[in-house]
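Below: the structure, in structure tokens.
The values are calculated or read from the model by the stated rules, or taken from the named source; none is laboratory data. Bear in mind that the values here come from a model prediction, so they are computed numbers and not experimental data. When we count neighbours, we look across all protein chains shown, and the Cβ atoms used for this are built from the backbone with ideal geometry, even at glycine.
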Amino acid sequence: MSFRCADPHGECAEQRPVLCELRDENDIGQRLFKRQKCDEPDDDVIDAFDESYTLSTNSQTEEENEDSQEVEGRQWGTLYVDAFMSALNTVLENESYLFDENEHSVFEAFKNLEDDSKKLYVRLFLRRRNKWFRVNSFSYREILDIDGAWTRLVKSSIFASSLSSMPEVDIEEILSLFNVEELRDLAKQLNYKAFRGGNKNEMILALINQSEGQTCLDLSQNGLSLLYDGKGRRRSRLHKLLHESMEVLGPCVTLCKGPVAVFERAHLVFFRATDFNEKSLRQLILARISKRNFPEYMVFRSTEVFLHRRDLLDYENALEMQSQVDDIFDSGNITPKLQTLYDILEPVYERWQTCLSSAPFGHNEERDHYLIRFTAAWIYSRMMYKLAVVLSRLGRHREAHSIYTALLGQRIYRRGKRGDWYQRKALIENLYMCEDKMNVKEVRRWKLTSLATCEAGLQDPDTHVIYQYDLQKRIVRLERELRVLPKDKHVFFHLALKEAKRRTFYGTRVSDVEIGRKTVWLNLEGHECSVEEMCLSNYKAKGWNGYHTEGGIIRTIFAYVFWDILFLPVPYVFETEFQRAPLDLNTEAFYLSRASEINRRLADIDNNLAANFISQVYDREFERKTVCVGMDWNFDIQEVHDAAECIGGHALSAICKILCEEYGHRSSGMPDLFLWKPEQKKCLFSEVKSENDRLSDKQRVWIDVLLGAGVPVELCAGLEKKDDAK
């Protein structure tokens, strides 16, 4: 609810200069950055270091500043500003052409702010950027003059606004700044009905409901009379609620949307993000205070990611749509929101077709295949799939079918998802395209069409194994329904997934109380645990060493043996100094651009040389605890060696090849438990399922891969102990 502020001092909102009116273009980025969690463990580390960092940088002499360009760069006075400016300066040095004159004016105006104002702005920028902040709650140790800092930000009319100067404010947003006790006190002050129980949101709603529609009265010498504002309009009690709220809150500030969006755009360019993640800047801060060490590699800041400003704006606009859609899908039940989703996604098809017709990446070279991830068309391809899902849920199956057909008609964007598109298209053809279910010929025609789609999917080289299994099952079902003769049926011995050996462990379930989503059990030592830990204790009783890692040990071994290949100096994939992995790791381009090195390493692993690579990386990186994708330094090095040896060279090579080809798809879904007996050089993977749990497709495929590589796998059922099982 927007509400015009009744400023006790009269008209208060001055005209903002052009720098603050970057609305049309820059509002795109306003809601893209997810709210940062305040309880991150990194926050305490950064805050604890910040005061000493500030003191040390401020105490440097002028002579030191002249001698060292690095020291000169730290004259911003605080770690946060240092990191903020490092990212901004890198972007402006290499890609200043992506920003227009107004945006460059914002950057210059920020640089000209006094130190305390810079510090406060960056602090607030790292928080909820579209919210109001109570000035009396600020407690930043490095800012010597808090009052002066926020006053100058507001006075600039560029970077921040005060609550008292806003012509319109949202009463719900203002009330959200109160805590529960303050809301109760406010209600008493206004003589509202007492609040009994209820959470904060309910109390805010009750306050507003009691204020709306009630006229505000004034007690004077002439008795009670209606109150009017300066323009002759009758004032309601909502005005009084707003006025009293502002009096209690004291000064409040918010960051202006235009400059915030400009800085968000700069950080998007700096971090080469394929989604919006405001935690990226914290990685830079942690690296600066040496609390997080990144690998050594060659940084190559390319200028070919966004060739023109329009490309960046289109990409940013696509990310905005993706963020809105993902928020709705992630919220749970989407059925009541299907029409909302359709309204957001409806323009996607036309935009995607426009991008497709002008795509400059027709050669599909390795370099281009990676860089297209930073195009609007890449994002729109993903949204096309979401649109098809929404249309199917709305019963508009023909339109969904046309979208899958269009997606499969191109081989530029999101090739790794083609198997899923074939699968969905075949499903619609089988169940929904025939409108007359009584027309036997028409039903058969569409089943044959569905069968052909499945066959095309299996023959497509871009169809990942995880989708081949479902396509195979649908073919078997369709051939049965079509009564295909045995001699004409497909034979899928090469695709049939191997079955794991089954085992059952009985344990004591404490209750239906959950730890997260897992029920509570007792292990053999009598301690409360998850069902996986209960089964692990039973395996250990049988002489196995083991971890409940869900693939963690495999990802760690992969990081050890492929460390130098992960950080090869490949163009376009190391754009900052703060990466745990190359930017193309989760794409097909990772394998294609390093094929010779990867195949050579796989051959070395097959020849049982993995131990050499593990030792080299451990000796070089362990002391620094260098961060790397998949690496967990908590695993004892001897256990890592034992695990690699027990898996065996041939099997480890096969597993690593899968991760090289599809790290993004395959780094999850591995069995829960890894077990080994070093003296016998034996290992075992175990997927634990409690009652009513079922294997996912990813888990089935991993079991098949491991069994195919000669590694034993068990499907372990954890069941509650019954009287007859004791």
| field | Any hit, region 677-689, residues being within 17 Å of Glu532 (Cβ to Cβ), touching a residue at least 12 places away in the same chain (Cβ under 8 Å) and among the polar types (S, T, N, Q) | value | yes
| request: Those residues that are without any contact (Cβ under 8 Å) to a residue 12 or more places away in the chain and within 19 Å of Cys256 (Cβ to Cβ), I need them from region 142-186; list them, please. | output: Thr151, Lys155
| note | Within region 680-726, residues being under 20 Å from Tyr547 (Cβ atoms) and of a type in the set (Ser, Thr, Tyr) number 2
| request: Please find, within region 559-578, the residue that is surrounded by the most Cβ atoms within 10 Å (Cβ to Cβ) out of those that are part of a loop (DSSP other than H, G, I, E, B) and aromatic (Phe, Trp, Tyr). | output: Phe562
| field | Number of positions in region 683-718 that are crowded, with 16+ Cβ neighbours inside 10 Å and outside any loop (DSSP other than H, G, I, E, B) | value | 23
| said: So if I check each of Ala456, Ala406, which one is modelled with pLDDT of 95 or more and closer than 24 Å to Tyr342 by Cα? | reply: Ala406
| field | Total residues in region 657-681, condition acidic (Asp, Glu), at pLDDT below 90 and buried (at least 18 other Cβ atoms within 10 Å of the Cβ) | value | 1
| message | Can you find a residue that is under 30 Å from Ser537 (Cα atoms), touching a residue at least 24 places away in the same chain (Cβ under 8 Å) and either in a helix (DSSP H, G or I) or of a type in the set (S, T, N, Q) (or both) anywhere in region 484-505? | response | yes
| query | Considering Ala603, Ala581, which residue is more than 30 Å from Glu720 (Cβ to Cβ), in the same structural domain as Gly648 (by TED's automatic domain parsing), in contact with a helix residue (DSSP H, G or I) (Cβ under 9 Å, 6 or more places away or on another chain) and in a loop (DSSP other than H, G, I, E, B)? | reply | Ala581
| Per-region count, region 678-701, residues touching a Cys at 6+ places or on another chain (Cβ under 8 Å) and of a type outside the set (A, V, I, L, M) | 7
| remark: Going through region 515-558 in order, the residues found to be assigned to a helix (DSSP H, G or I) and of a type in the set (S, T, N, Q) are Ser537, Asn538, Thr556
| remark: Looking across region 89-125 at residues that are surrounded by fewer than 20 Cβ atoms within 10 Å (Cβ to Cβ) and among the aliphatic types (A, V, I, L, M), the single one that is nearest to the chain's Cα centre (by Cα) is Leu92
| query | Hey, Asp632 hits all of (1) buried (at least 19 other Cβ atoms within 10 Å of the Cβ); (2) in a loop (DSSP other than H, G, I, E, B); (3) under 23 Å from the mean Cα position of the chain (by Cα) but one; which does it fall short on? | reply | (1)
| task | Could you tell me whether any residue of region 315-337 is within 20 Å of Phe263 (Cα to Cα), modelled with pLDDT of 90 or more and not in a helix (DSSP H, G or I)? | result | no
| task | Go through the residues of region 408-427 one by one and say whether even a single one is over 30 Å from the mean Cα position of the chain (by Cα), in a helix (DSSP H, G or I), buried (at least 20 other Cβ atoms within 10 Å of the Cβ) and aliphatic (A, V, I, L, M). | result | yes
| query | From the set of residues in region 233-290 that are part of a loop (DSSP other than H, G, I, E, B) and of a type in the set (A, V, I, L, M, F, W, C), which is modelled with the highest pLDDT? | reply | Cys256
| What are the residues in region 635-673 that are over 28 Å from the mean Cα position of the chain (by Cα) and not in a helix (DSSP H, G or I), if any? | Asp636, Gly648
